[in-house]
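A.B. asks: Can you keep this structure in mind? I'll have questions shortly.
The values are calculated or read from the model by the stated rules, or taken from the named source; none is laboratory data. Quick caveat: nothing in here was measured; it's all calculated off a predicted structure. We place every Cβ from the backbone using ideal geometry, glycine too, and count neighbours over all the protein chains shown.
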Amino acid sequence: MPPEKGVLYDFRPVTEKDLPMIAGWLAEPHVAQWWNDPETEIAEIRDHIDSISVEPLIVELDGKPIAYLQSYDPHLEDDHPYADQPFGTLGIDLSIGPPELVGIGHGSAIVRQFVEDLFEEGVPRVIIDPNPANIRAIRAYEKAGFRAIDRRQSVYGDVVLMAIDADDEQMGE
């Protein structure tokens with residue numbers, strides 16, 4: 001079901017109990033094609049639970065987990081490929097878990113709400129780095145107000161680096 005106008009998502013920290021659910025999502029074809037081996041990813045997410053540079057979150061709608069979102073500070077990791085972004089920039093990654101919730105507007109709505117929260121906290125810029133072949137994600141992020149600023153080859157592969165700034169006139173609708 002598409003998100004209703006004004007729907008609010010809840011963002012809560014990932015706990016150890018969430019890892020099997022996230023592993024299930026990582027096995028879904030619409031997620032698996034954009035992530036690495038699920039065991040490796042789950043190990044990294046487990047490490048992020050207590051990390052200072054990455055904040056792993058579960059996105060909930062009406063109390064039901066629907067997505068994995070992480071935010072990270074590229075300036076807190078040695079040699080991060082996005083450390084050239086302005087100080088205070090945060091990066092995000094999003095994967096919607098249940099396949100029936102993909103392609104109906106949740107991605108752009110989740111990202112828009114989360115970015116608005118970050119801007120209220122004083123974050124000047126938010127970046128996201130979809131694979132250039134992930135047209136669905138790129139469109140969702142554009143709809144949320146992101147714009148492509150670079151194309152890069154990095155440890156994360158071939159990416160379209162997209163950004164939205166707090167002082168942008170208006171976020172996407």
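A.B. asks: Quick one: would you say Pro99 is in contact with a strand residue (DSSP E or B) (Cβ under 7 Å, 6 or more places away or on another chain) and surrounded by fewer than 18 Cβ atoms within 10 Å (Cβ to Cβ)?
C.D. replies: Working: in contact with a strand residue (DSSP E or B) (Cβ under 7 Å, 6 or more places away or on another chain): no; surrounded by fewer than 18 Cβ atoms within 10 Å (Cβ to Cβ): yes.
In short, no.
A.B. asks: Still on this structure, please answer the following. How about the stretch 120-132: which of its residues are surrounded by fewer than 18 Cβ atoms within 10 Å (Cβ to Cβ) and in contact (Cβ under 8 Å) with a residue 24 or more places away in the chain?
C.D. replies: Gly122, Val123, Pro124, Asn131, Pro132
A.B. asks: What are the residues in the stretch 82-121 that are on the phi > 0 side of the Ramachandran plot and at pLDDT below 95, if any?
C.D. replies: Passing the criteria: Gly103, Gly105.
A.B. asks: State which residue is farthest from the chain's Cα centre (by Cα) when the search covers only the stretch 155-173 and only residues that are among the acidic types (Asp, Glu) and at pLDDT below 80. Outline the logic, then answer.
C.D. replies: Going through the stretch 155-173, the residues among the acidic types (Asp, Glu) turn out to be 158, 165, 167-169, 173.
Subset that is at pLDDT below 80: 168-169, 173.
Details: Asp168: 20, Glu169: 22, Glu173: 18 Å.
Per the stated criteria, the residue is Glu169.
A.B. asks: Can you tell me which residue is farthest from Asp167 (Cα to Cα) among those in the stretch 88-114 that are in contact with a Leu (Cβ under 9 Å, 6 or more places away or on another chain) and in a helix (DSSP H, G or I)?
C.D. replies: Only one residue tops the list, namely Leu101.
Conditions (1) of a type in the set (Val, Ile, Thr); (2) closer than 24 Å to Ser108 by Cα; (3) under 15 Å from the mean Cα position of the chain (by Cα), marked per residue:
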| residue | (1), (2), (3) |
| --- | --- |
| Asp37 | no, no, no |
| Thr40 | yes, no, no |
| Ile45 | yes, yes, yes |
| Ile52 | yes, no, no |
| Glu55 | no, yes, yes |
| Val59 | yes, yes, yes |
| Ala67 | no, yes, yes |
| His75 | no, no, no |
| Asp79 | no, no, no |
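A.B. asks: Within the stretch 37-47, restricting attention to residues that are within 27 Å of Asp150 (Cα to Cα) and surrounded by 16 or more Cβ atoms within 10 Å (Cβ to Cβ), which residue is modelled with the lowest pLDDT? Before the answer, list the steps.
C.D. replies: Filtering the stretch 37-47 down to residues within 27 Å of Asp150 (Cα to Cα) leaves 37, 41, 44-45.
Now narrow it down to the ones that are surrounded by 16 or more Cβ atoms within 10 Å (Cβ to Cβ): 41, 45.
Numbers: Glu41: 91, Ile45: 94.
In this case the residue turns out to be Glu41.
A.B. asks: Do you know which residues across the stretch 89-106 are under 15 Å from Ala23 (Cα atoms) and either free of Cβ contacts under 8 Å to residues at least 24 places away in the same chain or of a type outside the set (S, T, N, Q) (or both)? Please lay out each step first, then the result.
C.D. replies: So the first thing to find is which residues in the stretch 89-106 are under 15 Å from Ala23 (Cα atoms), and the list is 94-99.
Within the stretch 89-106, Leu94, Ile96, Gly97, Pro98, Pro99 meet the criteria.
A.B. asks: For the stretch 51-88, what are the residues that are in contact (Cβ under 8 Å) with a residue 60 or more places away in the chain and either among the hydrophobic types (A, V, I, L, M, F, W, C) or buried (at least 20 other Cβ atoms within 10 Å of the Cβ) (or both)? Full working, then the answer.
C.D. replies: Quick first cut of the stretch 51-88, residues in contact (Cβ under 8 Å) with a residue 60 or more places away in the chain only: 81-82, 85.
Tyr82, Gln85 - these are the residues of the stretch 51-88 that are in contact (Cβ under 8 Å) with a residue 60 or more places away in the chain and either among the hydrophobic types (A, V, I, L, M, F, W, C) or buried (at least 20 other Cβ atoms within 10 Å of the Cβ) (or both).
A.B. asks: Here is a follow-up. Of everything in the stretch 1-21, what is in contact with a helix residue (DSSP H, G or I) (Cβ under 6 Å, 6 or more places away or on another chain) and at pLDDT 95 or above? Give them in sequence order. Talk me through it step by step, then tell me what you get.
C.D. replies: Filtering the stretch 1-21 for residues in contact with a helix residue (DSSP H, G or I) (Cβ under 6 Å, 6 or more places away or on another chain) gives 3, 9, 19.
Of everything in the stretch 1-21, those that are in contact with a helix residue (DSSP H, G or I) (Cβ under 6 Å, 6 or more places away or on another chain) and at pLDDT 95 or above turn out to be Tyr9, Leu19.
A.B. asks: If you scan the stretch 55-87, which residues turn out to be polar (S, T, N, Q) and touching a Leu at 6+ places or on another chain (Cβ under 8 Å)?
C.D. replies: Taking the stretch 55-87 first, the residues polar (S, T, N, Q) are 70-71, 85.
Passing the criteria: Gln70, Ser71.
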